[in-house]
Amino acid sequence: MIAERIKELEESMTLAITAKAKAMKAQGEKVIIMASGEPDFDTPQNIKDAAVQAIAQGFTKYTATSGIDELKEALCEKFRHENRIEYTKKNVIVTCGGKQALYNAIQATINSGDEVIIPSPYWVSYVEQVKLAGGKPVILNTGVTGFDLEKLKGALTPRTRMLIINSPNNPTGAVLERATIEGIAALALERKFLVISDEVYERFIYGSGIHHSIASLGPEMKELTITINAFSKTYSMTGWRVGYAAAPEAIIKAMGMVQDHQTSNTSSISQKAALEALKGSQDSVTVMVREFEKRRNYMVERLNAIEGIECPLPPGAFYTFPRVAALYHEKLNGSFAFAERLLEEMKVALIPGVGFGSDEHVRLTYSASLEDIREGMDRIAEFVSLQRSPR
Ligand code: GLU
C-alpha cells in the first residue's frame, strides 16, 4: 500500500523521540527532555500581540503563497543589514518553517540521480529530503569540529549538483570559518554546483565566532546559493511555522510552484507575528543567547566530568554532541540503545547520533532550563556509573 520512495525513508528521530518523551511526561512521568531543539523561552510578548491584532483585524485569509509583501520587504532589509546580501522581493519566499524552505529548494532543483553532498554529522532531514526528490545523498564525513575542503574536492563528480552546508551546525554546533566558506565558494564556482546554506542558528554563536553567509561573497556566488532561515529558533516561534529562503529569482519562482501545490501560504497570522519579530526589539534574542551560553558551559563541564564521555565545547547552535562510544558494550551497543535505555531507565530524552550520521555520539540540547539540565546530568552520570559497576 505504501509507495516505494516512502518505504525508503527513515523516521525523523528528533521528532519521534521528542513525541515519545512528551507522551511519557503527559502520563505523569518525571522526564527530562533534552531532545528536540526547541527553545524553552516563551515567544516574546510583542510578537504574540501582533498575532492577536492580526486576528482582531480579520487578517485571517489566504495570502500570496510566497508571503505578504511587507514581510518579504523586511526580510530583504534583514539580509542587507545582517548578512550583507542584496535581494529584492522576487528573491524571497516565506514558508511553513525552515523545513519547507529546504524541501521546496531541493524539489525545485534536484533531478533524479543528481548527487547532493551532505557533510556529516548532518541534520536528520537533509538526507531524507534529497531521497524524496530522487537525488542521491553523498555523505561526506567531515568530523565533529571542522570541515575538510580536500575531502569535499575528492567527493565532487560530474553528477554533483548541490552541497548542503549548515553553520552553526546541528548537531555539532561547529561554526564554519570565513576561509572555509571562501574555499567552498571557490569550488562551487569552478565546478558549478549549487549550495544550500542553512543558517537557522546564525544568531546562536558564543564567544568570538562570526557568522558568514556564503551568498555574501559576491554576485557570482549569490547566483549559486539558496539561503535557508527561520523564525523558529531565533524568536522561540517553533509552533508558528515561519521559515524563509532567498535565492535567484528563477529558483524562488520554482520553489513557489512546489509550495502552491502543497500548502499554499504559511499562516497569515504567523506572518504578521514574524514581521513584528523582525521590526520590534531584538532584546529577547540577546537575553536568550546569553542564557544559552551559561547552560552550554555548564552542560559541557558536567558531561566531561563523566568518565567515558568526551564533549568538545560547541561554538554555536544549542546542542552538545558528546562521544559516548567508549561506554558501549554488548547490551548498550550503539547510540540508539544508549538513548532508548536512558529514556526507559532514567527518564532522560536525548537523540541518538546515528540519526545525524554518527553512531559514536548522542545529541543533547541545552534549550531546556538549567534546573532540568542539572537533573538530567545527574541522571546521566548515574546511568553511566550503573553501566560500569558489575551487573
Ligand atoms: N530542528 C530541530 C531539531 O533538530 C527540531 C526538530 C526537527 O524538526 O528535526 O531538533
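Just need a number here: residues in region 104-117 that are under 22 Å from Y244 (Cβ atoms) and either acidic (D, E) or buried (at least 23 other Cβ atoms within 10 Å of the Cβ) (or both). Full working, then the answer.
First, the residues of region 104-117 that are under 22 Å from Y244 (Cβ atoms): 104-110, 116.
From what is left, the residues that are either acidic (D, E) or buried (at least 23 other Cβ atoms within 10 Å of the Cβ) (or both) are 104-106, 116.
Residues in region 104-117 being under 22 Å from Y244 (Cβ atoms) and either acidic (D, E) or buried (at least 23 other Cβ atoms within 10 Å of the Cβ) (or both): 4 in total.
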* Can you tell me which residues in region 19-36 are open to solvent by 10 Å² or more (accessible area, probe 1.4 Å) and within 12 Å of the ligand (Cβ to nearest atom)? -> A19, I33, S36
* Residues located in region 317-342, provided they are without any contact (Cβ under 8 Å) to a residue 40 or more places away in the chain and of a type in the set (V, I, T) -> V324
* Search region 104-119 for residues that are of a type in the set (S, T, Y) and pair each with any residue that is outside any loop (DSSP other than H, G, I, E, B) when their beta-carbon atoms are under 8 Å apart and the residues are at least 6 apart or on different chains. => T109/R161; T109/M162; T109/L194; T109/I226; T109/I251; T109/A254
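Is it true that some residue in region 179-191 is under 22 Å from Y103 (Cβ atoms) and either in contact with a Cys (Cβ under 8 Å, 6 or more places away or on another chain) or part of a loop (DSSP other than H, G, I, E, B) (or both)? Don't jump to the end; show me each part of the working.
Within region 179-191, the subset under 22 Å from Y103 (Cβ atoms) is 188.
Next cut, either in contact with a Cys (Cβ under 8 Å, 6 or more places away or on another chain) or part of a loop (DSSP other than H, G, I, E, B) (or both) only: none.
There is no residue in region 179-191 that is under 22 Å from Y103 (Cβ atoms) and either in contact with a Cys (Cβ under 8 Å, 6 or more places away or on another chain) or part of a loop (DSSP other than H, G, I, E, B) (or both).
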* With respect to S12, determine if the residue is within 16 Å of the ligand (Cβ to nearest atom) and open to solvent by less than 60 Å² (accessible area, probe 1.4 Å). => yes
* Structure fact -> Over region 163-192, the set of residues surrounded by 17 or more Cβ atoms within 10 Å (Cβ to Cβ) and on the phi > 0 side of the Ramachandran plot is G173
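Quick check: is even one residue across region 58-67 open to solvent by less than 20 Å² (accessible area, probe 1.4 Å), on the phi > 0 side of the Ramachandran plot, touching a residue at least 40 places away in the same chain (Cβ under 8 Å) and of a type outside the set (V, I, T)? Let's see the steps before the verdict.
Keep residues of region 58-67 that are open to solvent by less than 20 Å² (accessible area, probe 1.4 Å), which gives 67.
From what's left, on the phi > 0 side of the Ramachandran plot: 67.
Applying the additional criterion that residues be touching a residue at least 40 places away in the same chain (Cβ under 8 Å) yields 67.
After this cut, where a residue has to be of a type outside the set (V, I, T) as well, the list is 67.
Yes; the residues of region 58-67 include at least one that is open to solvent by less than 20 Å² (accessible area, probe 1.4 Å), on the phi > 0 side of the Ramachandran plot, touching a residue at least 40 places away in the same chain (Cβ under 8 Å) and of a type outside the set (V, I, T).
Return yes or no: is R341 assigned to a strand (DSSP E or B) and closer than 21 Å to K20 by Cα? It would help to see each step written out before you state the result.
Details: assigned to a strand (DSSP E or B): no; closer than 21 Å to K20 by Cα: yes.
Judged against the criteria, R341 is not a match.
Scanning for something more than 23 Å from T14 (Cα to Cα) and crowded, with 21+ Cβ neighbours inside 10 Å, does region 153-160 turn up at least one residue?
First, the residues of region 153-160 that are more than 23 Å from T14 (Cα to Cα): 153-160.
From the residues that got through so far, the ones that are crowded, with 21+ Cβ neighbours inside 10 Å too are 160.
Within region 153-160, one or more residues are more than 23 Å from T14 (Cα to Cα) and crowded, with 21+ Cβ neighbours inside 10 Å.
Mind listing whichever residues of region 345-360 are crowded, with 24+ Cβ neighbours inside 10 Å and either within 14 Å of the ligand (Cβ to nearest atom) or without any contact (Cβ under 8 Å) to a residue 60 or more places away in the chain (or both)?
Residues of region 345-360 that are crowded, with 24+ Cβ neighbours inside 10 Å, as a first pass: 348-351, 353, 355-356.
A349, L350, I351, G353, G355, F356, listed by residue number.
Is one or more of the residues making up region 311-326 part of a helix (DSSP H, G or I) and open to solvent by 70 Å² or more (accessible area, probe 1.4 Å)? Steps first, answer last, please.
Applying the first criterion (part of a helix (DSSP H, G or I)) to region 311-326 yields 325-326.
Among the residues that remain, those that are also open to solvent by 70 Å² or more (accessible area, probe 1.4 Å) are: none.
Within region 311-326, none of the residues are part of a helix (DSSP H, G or I) and open to solvent by 70 Å² or more (accessible area, probe 1.4 Å).
Listed here are the residues, each with its yes/no results for (1) farther than 30 Å from G353 by Cβ; (2) of a type in the set (S, T, Y).
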{"residue": "M1", "(1), (2)": "yes, no"}
{"residue": "A26", "(1), (2)": "no, no"}
{"residue": "S36", "(1), (2)": "no, yes"}
{"residue": "L71", "(1), (2)": "yes, no"}
{"residue": "I93", "(1), (2)": "yes, no"}
{"residue": "G97", "(1), (2)": "no, no"}
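Restricting attention to region 73-95, does a residue exist that is within 15 Å of the ligand (Cβ to nearest atom) and buried (at least 22 other Cβ atoms within 10 Å of the Cβ)? Before you say what the answer is, go through the steps one by one.
So in region 73-95, the residues within 15 Å of the ligand (Cβ to nearest atom) come out as 95.
This time we only want the ones that are buried (at least 22 other Cβ atoms within 10 Å of the Cβ), so: 95.
Checked against the condition, which is being within 15 Å of the ligand (Cβ to nearest atom) and buried (at least 22 other Cβ atoms within 10 Å of the Cβ), region 73-95 yields at least one hit.
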* under 21 Å from D40 (Cβ atoms), within 16 Å of the ligand (Cβ to nearest atom) and charged (D, E, K, R) - does that describe any residue in region 302-313? -> no
* To do: Among residues belonging to region 99-129 that are outside any helix (DSSP H, G or I) and within 11 Å of the ligand (Cβ to nearest atom), point out the one that is farthest from P158 (Cα to Cα).
  => W123
* Any idea which of (1) out of contact with any Leu (no Cβ under 7 Å at 6 or more places or on another chain); (2) more than 26 Å from I351 (Cβ to Cβ); (3) touching a residue at least 40 places away in the same chain (Cβ under 8 Å) is the one R178 doesn't satisfy? -> (3)
* Conditions (1) farther than 15 Å from R295 by Cβ; (2) in contact with a strand residue (DSSP E or B) (Cβ under 8 Å, 6 or more places away or on another chain): number failed by D372 -> (1)
* Can you name the residue in region 130-142 that is closer than 22 Å to A317 by Cα and either open to solvent by 30 Å² or more (accessible area, probe 1.4 Å) or basic (K, R) (or both) and, of all such residues, is nearest to the ligand (Cβ to nearest atom)? -> I139
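The values are calculated or read from the model by the stated rules, or taken from the named source; none is laboratory data. None of these values were measured; they are calculated from a predicted model. FYI the Cβ positions are ideal-geometry reconstructions off the backbone, even for glycines, and counts take in every protein chain you see. Ligands, DNA and RNA are stripped out before the accessible areas are found, and what is left, the full protein with its side chains, is counted by its heavy atoms. Shrake-Rupley method; radii C 1.70, N 1.55, O 1.52, S 1.80 Å.
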